[in-house]
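Reviewing the structure listed below.
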Amino acid sequence: MGEWWTYSPEDFLMFSPRVYWRMFALTNGALWPLPLVGPALALAAGLLCLRARGARVALAMLAALWAFVGWAFLWNLYGVVNWAVFYAAPLFALQAVLLALAAARGPAQQRPPVPRQAAGAVLVALAAAYPLLAPLAGRPLSEAEVFALAPDPTAIGTLGILLIAGGGAGLWPVPVLWCLFSAATLWALGTAQAALPFAAAVAAPAAALFWRGAPARA
Amino acid sequence: MPLTRRRFLELAPGAALAALPMPSAAQPSALLTRVIPSSGEAVPAVGLGTWITFNVGNDPVLRAECTDVMSAFFAAGGTLIDSSPMYGSSQPVIGHGLARLKPQRLFSAEKVWTSGASAGAAQIERSRQLWGVPRFDLLQVHNLLDWQTQLPRLQAMKAAGQVRYVGITTSEGRRHAELERIMREQRLDFVQLSYNVLDREAEARLLPLAADRGIAVLVNRPFRQGALTRALARAPLPGWAGDIGATTWAQALLKFILAHPAVTVAIPATSRVDHVRENLAAASGPLPGRALRERISADVKAL
């Protein structure tokens, strides 16, 4: 690509905001009534992580959700309008495998510090509340992004759960990279919502490094 | 008759624009047409771009809206639709519309956007299947990508009757020096470039060269991907708009482009039926002369 310095994120945006938001309406409509369950799943995963055995269940649940979102949303829907997303879908499958392995091995023996878990709880709460962003931004609730169905709240909720449960270093790159990619897309779409995945991508690893808990195991 | 440099200068801003056909109504038969220099074939001067607007994936509602846009485009007399493998799902969405509308007149303009001869051939065939056409009217090398491989291949396809015209594209004013060199050294039927009331770099060398070499010109980004029309949306239309029969800023911006004698077809993209009708209507009525073109440009800059 010649003259690369003349390109901006907007130059790579190949679909309209309407197409982007309607993808969530199509997903919610096709999977109804699962959108009603998504926020509860995020909160349940966060609560499960407070116990070691529960954390294994939460990680296994996340593994299934990453595989599902990667296939149902990225591969079958989003990738059709954005060919770059076809390359991200296999990373969601990889994340599912890593989470499944972590679930099989169990979480860290040493519980993470309470401030780190509190930071994780904030992210989990944000992921559960994500559907409210649509009406807050003036979009119909049918276009809400729901944890377990849409990639952004799923990635943000996963970062929160990793903060609470103390997941290994190998579990972090994919959700962080997705949040950065999505933040760039949302910024190009001209929505302030871009700040949320960007903040999660920066704050979650920073919190994990600042409040180091158990040694990494994944 | 090819548009030679002499002919270009004769037609140049204001001098003899009246020599161009300028019908007064927006009916299909009255649309302004331009001649493709290499063949003498006439094409309506406003086409339909599909970047972003037709990339709607499998959304049935948005696909139906795109079909409505195509239906209005053909009903208003438009024929040329331009797309690319780079445009996401635009190609199957066009194919979806064509299968339902079965237009009597279609000028299919596609691109090859890959490296390597075999990859190029495979991509063109896949594009053809997605459109559902027996062959493309025009194949262009997208953004000069691997043009040294793709252009000779497209020319061989033309010689074999597998495509009617070949061309090369660039956008947003990039790589104009290389484009100019290719226009001088290669046999091209079409060149596609960005040109609008604010981005006028092509006027200096590329448009005169296209006229001199008998190369048809497709103009992309006539509204800077909608930024111009959005910026002008609240500005009142100046009095000169009435002199050229423009009822909206979009029509004024298109008429500015079409008034350049080297321009063959402008290809605005839209996802709205009212806008596609408005765009086609710009290819009728009077066009601005040299002085008015400069005034339009100055007024838009000032706004």
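The values are calculated or read from the model by the stated rules, or taken from the named source; none is laboratory data. On a predicted model such as this, the values are computed, not experimentally measured, just so you know. No Cβ is skipped: glycine too gets one built from the backbone with ideal geometry, and neighbour counts run over all protein chains shown. Surface accessibility is based on the protein's heavy atoms, side chains included, excluding ligands, DNA and RNA. Shrake-Rupley method; radii C 1.70, N 1.55, O 1.52, S 1.80 Å.
None of B:SER271, B:SER284 is crowded, with 24+ Cβ neighbours inside 10 Å and assigned to a loop (DSSP other than H, G, I, E, B) except B:SER284.
Within region B:58-88, work out how many residues are assigned to a loop (DSSP other than H, G, I, E, B), open to solvent by 10 Å² or more (accessible area, probe 1.4 Å) and closer than 13 Å to B:HIS275 by Cβ. Here the count works out to 1. Could you tell me whether A:ALA52 is more than 14 Å from chain B (Cβ to nearest Cβ) and under 18 Å from A:CYS179 (Cβ atoms)? Criteria not met by A:ALA52.
Condition check for A:VAL202 on (1) open to solvent by less than 60 Å² (accessible area, probe 1.4 Å); (2) part of a helix (DSSP H, G or I): one failure, at (1).
Being more than 26 Å from B:ARG224 (Cα to Cα), open to solvent by 40 Å² or more (accessible area, probe 1.4 Å) and more than 14 Å from chain B (Cβ to nearest Cβ) is a description that applies to A:LEU91. Filtered by the rule that a residue be facing another protein chain (nearest Cβ under 10 Å), crowded, with 23+ Cβ neighbours inside 10 Å and either under 22 Å from B:PRO288 (Cα atoms) or among the β-branched types (Val, Ile, Thr) (or both), region B:29-57 gives B:THR53, B:VAL56.
Checked against (1) in contact with a helix residue (DSSP H, G or I) (Cβ under 8 Å, 6 or more places away or on another chain); (2) more than 14 Å from chain A (Cβ to nearest Cβ); (3) closer than 14 Å to B:ASN220 by Cα, B:SER171 passes all but condition (2).
Within region A:9-23, track down each residue that is of a type in the set (Ser, Thr, Tyr) and either more than 7 Å from chain B (Cβ to nearest Cβ) or part of a helix (DSSP H, G or I) (or both).
Result: A:TYR20, single match.
Selection over region B:220-245 of residues that are open to solvent by less than 10 Å² (accessible area, probe 1.4 Å) and either without any contact (Cβ under 8 Å) to a residue 60 or more places away in the chain or closer than 14 Å to B:GLY285 by Cβ (or both) gives a count of 4. Do we find that A:LEU26 is in contact with a helix residue (DSSP H, G or I) (Cβ under 6 Å, 6 or more places away or on another chain), within 14 Å of chain B (Cβ to nearest Cβ) and in a helix (DSSP H, G or I) in this structure? It is false that A:LEU26 is in contact with a helix residue (DSSP H, G or I) (Cβ under 6 Å, 6 or more places away or on another chain), within 14 Å of chain B (Cβ to nearest Cβ) and in a helix (DSSP H, G or I).
For the structure I just gave you, tell me whether A:LEU43 is part of a helix (DSSP H, G or I) and either under 15 Å from the mean Cα position of the chain (by Cα) or within 14 Å of another protein chain (Cβ to nearest Cβ) (or both).
yes
Any residue in region A:132-140 that is within 17 Å of the chain's Cα centre (by Cα) and open to solvent by 60 Å² or more (accessible area, probe 1.4 Å)? For region A:132-140, residues within 17 Å of the chain's Cα centre (by Cα) and open to solvent by 60 Å² or more (accessible area, probe 1.4 Å): present.
Table: residues versus (1) among the small types (Gly, Ala, Ser); (2) in a helix (DSSP H, G or I).
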| site | (1), (2) |
| --- | --- |
| A:LEU94 | no, yes |
| A:LEU98 | no, yes |
| A:ALA103 | yes, yes |
| A:ALA118 | yes, yes |
| A:PRO131 | no, yes |
| A:ARG139 | no, no |
| A:PHE147 | no, no |
| A:LEU163 | no, yes |
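Pairing each residue of region A:111-137 that is without any contact (Cβ under 8 Å) to a residue 40 or more places away in the chain and of a type outside the set (Asp, Glu) with any residue that is part of a helix (DSSP H, G or I) and surrounded by fewer than 23 Cβ atoms within 10 Å (Cβ to Cβ), provided the two are 6+ apart or on different chains, yields C-beta distances under 7 Å for A:PRO135/A:LEU141.
Whenever a residue of region B:275-298 is within 18 Å of B:GLY242 (Cβ to Cβ), its partners that are among the aromatic types (Phe, Trp, Tyr), lying with C-beta atoms within less than 7 angstrom and at least six residues away or across chains, give the pairs B:PRO288/B:PHE256; B:LEU292/B:TRP240; B:ARG293/B:PHE256; B:ARG295/B:TRP240; B:ILE296/B:PHE256. Of the numbered criteria (1) touching a residue at least 12 places away in the same chain (Cβ under 8 Å); (2) in a helix (DSSP H, G or I); (3) more than 14 Å from every other protein chain (Cβ to nearest Cβ); (4) open to solvent by 40 Å² or more (accessible area, probe 1.4 Å), the one B:PHE256 fails is (4).
For B:GLY161, the conditions (1) more than 19 Å from the chain's Cα centre (by Cα); (2) in contact (Cβ under 8 Å) with a residue 40 or more places away in the chain; (3) within 23 Å of B:ASP82 (Cα to Cα) all hold with the exception of (2).
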